Amino acid sequence: CMRCHNARTDPNASVEAATGGESFSLPHYSVAAELINATGGYTWGQTLPTSPHGQIIPNTCIGCHMAPPPEGETLVGQHTFSMVSPDGVENVTVCQGCHGAVESFAFDAKADYDGDGTVETNQDEIAGLIEALQNAAVEAGVTVLESHPYFEVPEGSNADLYGAVYNLKFAQGAAAAPHNLKYTVALLQLSYQKVTGQPLANAELLVNAE
């Protein structure tokens, strides 16, 4: 799985090249394998918190994607490798071993990570963080594009802005909440702090800029 589902670039080398006047490379579309292992983001040298899925699920990728489906279901799990069927059935069987009788991947978050005043689902908290970071990047001069190269970063920008934009694309490129919630939240919160110079207001912070 990891041969394809990775960023296909090194975040440190990409940011170093960009600040040196060379080409800025963004991560590839699907970064799930790096994300589940708490790698692949631009971290400014910090060690970020991580969710345990990559350590506790046997066989990691296939442990979830090939898990037995609910009774009577044939379009999720096992050799379909799908986690959600075309008609919306979510194969949460493997989740139930730790999370009880859940029926959806949309778990309620434990805190307000995006600072919007509401504790939502994990997916919505990450979406809020992505929006907050993108807005901060735009205020710093970044242009959001509809297609490749996706972002235009002002010439002469520092590593903080390039690193934040790298992480923005990284977080957009995977089902971040089930693969590694804590790492994604921390990565986006740290990026916001680096761009704006201050923590995300009213948010439950998993990391602080050093």
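The values are calculated or read from the model by the stated rules, or taken from the named source; none is laboratory data. Nothing here was measured: the structure is a model prediction, and the numbers come from that model. In this analysis, Cβ positions are derived from the backbone assuming ideal geometry, glycine residues included, and neighbour counts consider all displayed protein chains. What goes into the accessible areas is simple: the full protein's heavy atoms, side chains included, and nothing from ligands, DNA or RNA. Shrake-Rupley method; radii C 1.70, N 1.55, O 1.52, S 1.80 Å.
Details
- Spatial extent of region 1-99: Rg and Dmax, with the Cα atoms as the point set, Å: 17.2, 57
- You can think of it this way: the chain between Ala17 and Met2 has 2.9 nm of extra reach, that is 0.36 nm per residue less the Cα-Cα gap.
- Distant-in-sequence amide H partners of Phe151 (H built 1.01 Å from N, under 5 Å): Leu145
- In the elastic network of the chain, a GNM with C-alpha springs shorter than 10 Å, the most mobile of Ile126, Ile57, Ile36 is Ile57.
- Net charge contributed by nearby residues that have their C-beta within less than 11 Å of Gly173 (K/R +1, D/E -1): +1
- Spin-label pair His148/Asn202, simplified geometry with 7 Å Cα→Cβ offset, distance in nm: 4.0
- Taking a Cβ cut-off of under 11 Å around Ala159, the surrounding Lys, Arg, Asp and Glu residues balance to a net charge of -1, with basic ones at +1 and acidic ones at -1.
- With Cα atoms, 0 to 90° folded angle of helix 176-196 axis to the chain main axis: 10
- Zero-based 10 Å bins, Cα pair distances in the chain, whole percents: 9, 33, 34, 18, 6, 0
- Taken per residue, the accessible surface of region 99-179 reaches 49 Å², heavy atoms only and a 1.4 Å probe.
- Unpaired Cys in the chain, meaning no second Cys C-beta under 4.7 Å: Cys4, Cys64, Cys95, Cys98.
- Value at 222 nm in deg cm²/dmol, rounded to 500, when DSSP H runs of n ≥ 4 in the chain each add -39,500 (n - 2.57): -11500 deg cm²/dmol
- Amide H contacts of Thr121 (H built 1.01 Å from N, under 5 Å, at least 5 apart or other chain): Ala109
- Full extension of the chain segment joining Asp10 with Phe81 gains 22.8 nm, where the gain is 0.36 nm per residue of separation less the Cα-Cα distance.
- The simple spin-label model puts a point 7 Å past each Cα toward its Cβ; for Asn158 and Thr47 those points are separated by 2.6 nm.
- Dividing the mean sequence gap of close Cα pairs (under 8 Å, 6+ apart) by how many residues the chain holds gives a relative contact order of 25 percent.
- Residue-by-residue Karplus 3J(HN,Hα) for region 155-168, coefficients 6.51, -1.76, 1.60, Hz, glycine and proline x: 4, x, 5, 8, 5, 4, 6, 4, x, 5, 5, 4, 5, 4
- Computed from backbone phi with θ = phi - 60° and the Karplus coefficients 6.51, -1.76 and 1.60, the 3J(HN,Hα) list for region 106-112 is 7, 5, 5, 5, 8, 7, 8 Hz; x is used for glycine and proline.
- Ala175 versus Glu131: modelled label distance in nm, points set 7 Å from Cα along the beta carbon direction: 2.3
- Whole-number percent relative contact order across region 93-210, with pairs defined as alpha carbons under 8 Å at least 6 apart: 27
- Loop-resident sites, region 23-114, for GluC sites (Glu not before Pro), counting at most 12 other Cβ within 10 Å (DSSP): Glu71, Glu103
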